[in-house]
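**Q** Can you read through this structure? Questions will come right after.
The values are calculated or read from the model by the stated rules, or taken from the named source; none is laboratory data. Everything quoted here is computed from the prediction, not taken from an experiment. A quick note on method: Cβ atoms are made from the backbone with ideal geometry, for glycine too, and the neighbour counts reach across all protein chains shown.
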Amino acid sequence: MSAPTLAEILERRRHDLLELLKREGSGLLGHESPDDLLQGVWVRALERAGFFQYRGERQAFFWLAEVARQHIADRHRYWKALRRAAGKTLHLTATGGRTAASGRGAGLASSQTSPSTAASRNESVALAVKALGILFPRDRDIIVWMTEDAPLEEMARRLGVGHDAAKKARERAVSRFRKAFELLCRRS
């Protein structure tokens, strides 16, 4: 009898992996569904298939669990980075798509902030992170690149499209982000 393929093992252990993701990745579940996390684990496992050697079901699951833990750690780092960059992201809601580093638009911070202003800003940052979380991955990436002040040419290269297409994609991403942010503001 031949060893099962990695794809067969992934399908067979789907439920176990979902439970592991719910348990160990619970902090991510506000941003991503368990099925989204599972899909990321599957992609990561298949990318690393060359390093996988079948040595029994138990060892196979241990290998998959380690891949899942690496994915969880990467997703935590991703969301923490977004939270740190959320201040710049908030500028996109107020400045027509220009970040503060571009020298245009009003800044959010003043030299002295009251406790109520700080609390309001923290609430806005949390809403901005949630708004990013509901965007399509491509739109989310574009918004993050904008907060990093990536030039349009770089965005076009990363997206694999021309300059004009990247410009339109950027405009759509900002529009979608603003709509998501405004919707969340109305709900809170």
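**Q** So if I check each of L37, L10, L28, which one is over 30 Å from L127 (Cβ atoms), in contact with a helix residue (DSSP H, G or I) (Cβ under 9 Å, 6 or more places away or on another chain), in contact (Cβ under 8 Å) with a residue 12 or more places away in the chain and not assigned by TED's automatic domain parsing to the domain that holds A131?
**A** L10
**Q** Please name all residue pairs, on different chains or six or more residues apart, with Cβ atoms under 8 Å, provided the first residue is in the range 139-161 and is assigned to a helix (DSSP H, G or I) and the second residue is of a type in the set (D, E).
**A** W145/E154; R158/D141
**Q** Can you find even one residue in the range 99-121 that is at pLDDT 70 or above, assigned to a helix (DSSP H, G or I), in contact with a Ser or Thr (Cβ under 8 Å, 6 or more places away or on another chain) and of a type in the set (S, T, Y)?
**A** There is no residue in the range 99-121 that is at pLDDT 70 or above, assigned to a helix (DSSP H, G or I), in contact with a Ser or Thr (Cβ under 8 Å, 6 or more places away or on another chain) and of a type in the set (S, T, Y).
**Q** Only one residue in E57, E24, E32, E47 is modelled with pLDDT of 75 or more and loosely packed, with under 12 Cβ neighbours inside 10 Å. Which one?
**A** Answer to the check: E47.
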